[in-house]
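Participant: I'd like to ask you about the structure that follows.
The values are calculated or read from the model by the stated rules, or taken from the named source; none is laboratory data. Fair warning: this is a prediction, and the values are worked out from it, not measured in the lab. Here the Cβ is made from the backbone with ideal geometry for all residues, glycine too, and neighbour counts use every protein chain on show.
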Amino acid sequence: MRRWQLTAVLGVAAFASGCGNLQIAPQPVFPKALIEPMPATVGLVLSAEQRDFRHEETRSGTTWAVLLGSAQQHFARTVMGVLFREVREFPAASAAILDPQVQAVFEPNIEQYSFATAQETGGEYVAVTIRYRIEVTAPDGGAHDTLTLTGYGTSPTSSLGFDATGPMDQATRAAMRDAAAKFMVQFGELPLAATLAKGERVTGDGVAARTDAGKSIEALSIRGSRRPASSQAPVVVTPSTPTSGP
């Protein structure tokens, strides 16, 4: 009986790490941010490509399909909704700049999704990295700035195989949570945030590009917490007080 059980387990592991197609559609749970939204009205653009974002890659005979369109929409709406008092959604930046109350237009994009399977990490965990690029457009239609952001996530593997979808799904959700927390915590330090908090509209004259081009919101990559997301402490943020101009 024990021999049969061992054979069955090995068979499942071989199937999971061998040929086949695996698909996940992660639904992230974001941190409860105790933050007072900035008194600003901004535009949010989610392109059709981002609404249906899909990453497909084959590793060791297994094709992974990661469907992130729904999660990307949730990510963008959640983060923008936490930071700003009013967020107006538009199909394109060209439509957003026609709104006279919009102070800036944000267009978040998943620039790169990458992962390491348990086979590649020695069988202990799955790791995911998601890189975001957030284009900021001024109401005058000019490019104001580009922000980059990277989220990291890991998840321990199951005992039934190297490529079970559960750990990959969990690591992806952790990476999105990490990115959201970084953005909410660090955004207030940017000159862009000070301008919006004062009720001003950003400009597309390239000032931001010269002084803070491609501002990167980053943190050291750390091994993700193994606690359930619901048990993790909320992100507590106090928006920085805008400094007066010269």
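Participant: Exactly one of these conditions fails for ALA25: (1) surrounded by 20 or more Cβ atoms within 10 Å (Cβ to Cβ); (2) among the small types (Gly, Ala, Ser); (3) touching a strand residue (DSSP E or B) at 6+ places or on another chain (Cβ under 8 Å); (4) more than 23 Å from HIS144 (Cα to Cα). Give me its number.
Facilitator: Of the numbered conditions (1) surrounded by 20 or more Cβ atoms within 10 Å (Cβ to Cβ); (2) among the small types (Gly, Ala, Ser); (3) touching a strand residue (DSSP E or B) at 6+ places or on another chain (Cβ under 8 Å); (4) more than 23 Å from HIS144 (Cα to Cα), the odd one out for ALA25 is (1).
Participant: Identify, please: which residue in region 35-54 is of a type in the set (D, E, K, R) and part of a loop (DSSP other than H, G, I, E, B) and is, among those, modelled with the lowest pLDDT?
Facilitator: Of region 35-54, the ones of a type in the set (D, E, K, R) are 36, 49, 51-52, 54.
Among the residues that remain, those that are also part of a loop (DSSP other than H, G, I, E, B) are: 36, 52.
On the way: GLU36: 91, ASP52: 96.
This residue is GLU36.
Participant: If only one of ALA118, ALA175, ALA171 is not polar (S, T, N, Q) and not in a helix (DSSP H, G or I), which one is it?
Facilitator: On the way: ALA175 fails: not in a helix (DSSP H, G or I); ALA171 fails: not in a helix (DSSP H, G or I).
Result of the check over ALA118, ALA175, ALA171: ALA118.
Participant: Show the residue pairs that are 6+ apart or on different chains and have beta-carbon atoms under 6 Å apart, the first residue being within region 55-79 and free of Cβ contacts under 8 Å to residues at least 40 places away in the same chain and in a strand (DSSP E or B), the second being hydroxyl-bearing (Ser, Thr, Tyr) and surrounded by 18 or more Cβ atoms within 10 Å (Cβ to Cβ).
Facilitator: Matching pairs, first to second residue: none at all.
Participant: Return a yes/no flag: does region 155-166 have any residue that is of a type outside the set (D, E, K, R) and within 18 Å of the chain's Cα centre (by Cα). Steps first, answer last, please.
Facilitator: Step one: of region 155-166, the residues of a type outside the set (D, E, K, R) are 155-162, 164-166.
Subsequent filtering for residues that are within 18 Å of the chain's Cα centre (by Cα) retains 155.
Yes, region 155-166 contains at least one residue that is of a type outside the set (D, E, K, R) and within 18 Å of the chain's Cα centre (by Cα).
Participant: If LEU98 passes every condition in (1) surrounded by 20 or more Cβ atoms within 10 Å (Cβ to Cβ); (2) not in a strand (DSSP E or B) but one, which one does it miss?
Facilitator: It is condition (1) that LEU98 fails.
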